[in-house]
1. Along region 38-54, what does the Karplus equation 6.51 cos²θ - 1.76 cosθ + 1.60 (θ = phi - 60°) give for ³J(HN,Hα), rounded to whole Hz, x for Gly and Pro?
2. How large is the convex hull of the C-alpha atoms of the chain per residue, in Å³?
3. Heavy atoms only, probe 1.4 Å: what % of the accessible area of the chain goes to carbon and sulfur, would you let me know?
4. Per residue, how large is the accessible surface of the chain? Use a 1.4 angstrom probe and give square angstrom.
5. For the chain, with a Gaussian network of springs between Cα atoms less than 10 Å apart, report the residue from Ala20, Ala43, Ala28 with the top mean-square fluctuation.
6. Given charges of +1 on the Cβ of Lys and Arg and -1 on the Cβ of Asp and Glu, with all other atoms neutral, how large is the dipole of the chain about its Cα centre, in debye to the nearest 20?
7. Keeping all protein chains in position, work out how much accessible area Ser40 exposes to a 1.4 Å probe, and write it in Å² to the nearest 10.
Amino acid sequence: MALFNFNRPSDYLDAAREMADSNRPTLARLLAEEAADRTSDPAEKARILAEFPGGSLQKDN
């Protein structure tokens, strides 16, 4: 497993893909949601979340 430096949405997305590949779908979804939250383009947000299906796992603040 690689070390990640989380500075950009793509960093979260790379980590999400690695978690999905290692059979950790819940963690993958959480990382994908964080990547989507850090993305300003609505179409890109939708694409990210579609890649990792499931309902939101984030707590409401």
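The values are calculated or read from the model by the stated rules, or taken from the named source; none is laboratory data. These numbers come from a predicted model, not from an experiment. All Cβ positions, even for glycine, are placed from backbone atoms using ideal geometry, and neighbour counts span all protein chains on display. Side chains included, ligands, DNA and RNA excluded: accessible areas come from the protein's heavy atoms. Shrake-Rupley method; radii C 1.70, N 1.55, O 1.52, S 1.80 Å.
1. 3J(HN,Hα) across region 38-54, in whole Hz: 8, 9, 8, 7, x, 5, 5, 4, 4, 5, 4, 5, 5, 5, 10, x, x.
2. 86
3. Carbon and sulfur: 52 percent of the exposed surface of the chain.
4. 70
5. Ala43
6. Taking the Cα centre of the chain as origin, the dipole is about 80 debye.
7. 110
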